[in-house]
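To start, the structure itself, in C-alpha cells.
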Amino acid sequence: MLTIDRVTCRYGRIEVLHGVSLEVERGEVVALVGSNGAGKTTLMRVISGILPAAAGAIAFAGESIDRVPAHMRVARGLAQVPEARQVFAPLSVEDNLLLGAYRRRAGDRSRALDRVFALFPVLAERRASAAGTLSGGQQQMLAIARALMSEPQMLLLDEPSMGLAPVLVDLILDTIVALRKEGMTILLVEQNVNAALAIADRAYVLETGRIVLSGPSATLTDDPRVREAYLGL
C-alpha cells in the first residue's frame, strides 16, 4: 500500500530525515515509534504532502505520489489525522466532519456521516455543538472521524493518544483495532510505545531521522534495546 524509499527532508539547511525507508502492506497496522524530535511527525507530513521530500521516492497503492499535491493525495485515498487533533474549534462537529468530505457528493457525504456516527455515537449526540467545547478524547474521535469522511484506503495517525486520560487512550486504541478489522490500512505514530506495539502488526523505530530497528511487534517488544529505551524495562 505504501512504500517509502530513502526519503530525506530538510528544514532550511538542516536535514531531519536521513534516507528513511519503510513499507506498509494493505490491511496492516504499522507503528512508527521513537522519542521526541526523532522525525516521526515530519515523516508523516512528507507522506501526506504537507512537506516536500528533498530526495527519495514515495509510492502509494503502486503509483508514485512524489509530485502529487496534498489535496490530491487525499483524493487518492490517503488521509492524515494530525498531531494535537487540530479540529476547527468554532465550527460544529457536523461541519468539521463535512469538511473532511469536501471532495464527495451529497449522497456520499450523508452515508459517510452515518458511518462515523455509528463508530462514534458521542459525535452524533454532539453534532450541533462547537468542536471546541468537546473534551480532548471527543476531539480526537472527531479528528479520526473527519479523516474517515474522505473514505480513505489508508490512515496516517499522528499521536492519537497524546494528552488523553488512560481510559480514553484505551478507547482510541480500541477504535484503531476496529478499523483494522474493517480492512483499514494504518500507519500509527505513537509515543506510548507499549500500546502501539500491542496493537500493531509490525513497527519501525526512528531515532534522529533514521530507522534503526524494524520487525514484527512481538519481536521488538522483546528486544532489549526497545525494552530499555522505550518500555522502561
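Selection of region 116-131 for residues being surrounded by 14 or more Cβ atoms within 10 Å (Cβ to Cβ) and either assigned to a helix (DSSP H, G or I) or within 21 Å of the chain's Cα centre (by Cα) (or both) yields Val116, Phe117, Leu119, Phe120, Val122, Leu123, Ala124, Ala131.
Selection over region 196-233 of residues that are more than 25 Å from Asp5 (Cβ to Cβ) and either of a type outside the set (Lys, Arg) or in contact with a Lys or Arg (Cβ under 9 Å, 6 or more places away or on another chain) (or both) gives a count of 12.
Identify, please: which residue in region 1-33 is among the small types (Gly, Ala, Ser) and under 15 Å from the mean Cα position of the chain (by Cα) and is, among those, farthest from Gln153 (Cα to Cα)?
Per the stated criteria, the residue is Ala31.
When Glu15, Glu28 are screened for being acidic (Asp, Glu), more than 27 Å from Gly77 (Cβ to Cβ) and surrounded by fewer than 22 Cβ atoms within 10 Å (Cβ to Cβ), only Glu15 passes. Of the residues making up region 216-228, one or more are closer than 14 Å to Val29 by Cα, touching a strand residue (DSSP E or B) at 6+ places or on another chain (Cβ under 8 Å) and not assigned by TED's automatic domain parsing to the domain that holds Phe120. Taking the listed residues Ala53, Ala89, the one that is at pLDDT 95 or above and more than 22 Å from Glu125 (Cβ to Cβ) is Ala53, with no other qualifying. Only one of the listed residues (Ala38, Ala55) is small (Gly, Ala, Ser), farther than 23 Å from Leu148 by Cα and surrounded by fewer than 22 Cβ atoms within 10 Å (Cβ to Cβ). That residue is Ala55. Pairs linking a residue in region 190-208 that is within 22 Å of Leu164 (Cβ to Cβ) to a residue that is part of a helix (DSSP H, G or I) and small (Gly, Ala, Ser), with Cβ atoms under 7 Å and 6 or more positions apart or on different chains, are Glu190/Ala196; Leu197/Ser217; Ala200/Ser217; Ala203/Ala196; Ala203/Ser217. The criterion of at least 3 residues that are surrounded by fewer than 16 Cβ atoms within 10 Å (Cβ to Cβ) and of a type outside the set (Lys, Arg) is met, among strands (runs of 3 or more DSSP E) falling completely within region 145-233, by 210-216.
Among the conditions (1) under 14 Å from the mean Cα position of the chain (by Cα); (2) at positive phi, the only one that Ala143 does not satisfy is (2).
Screening the candidates Leu148, Leu179, Leu164, Leu156 for the property of being among the aliphatic types (A, V, I, L, M) and over 27 Å from Ala59 (Cα atoms) yields one hit, Leu164.
Every test in (1) over 26 Å from Lys181 (Cα atoms); (2) surrounded by 20 or more Cβ atoms within 10 Å (Cβ to Cβ) is passed by Leu97 save one, and that test is (1).
The values are calculated or read from the model by the stated rules, or taken from the named source; none is laboratory data. Bear in mind the structure is a predicted one, so any value in this text is a computation, not a measurement. Don't worry about glycine lacking a Cβ; one is built from the backbone with ideal geometry, like all the others, and counts go over all protein chains shown.
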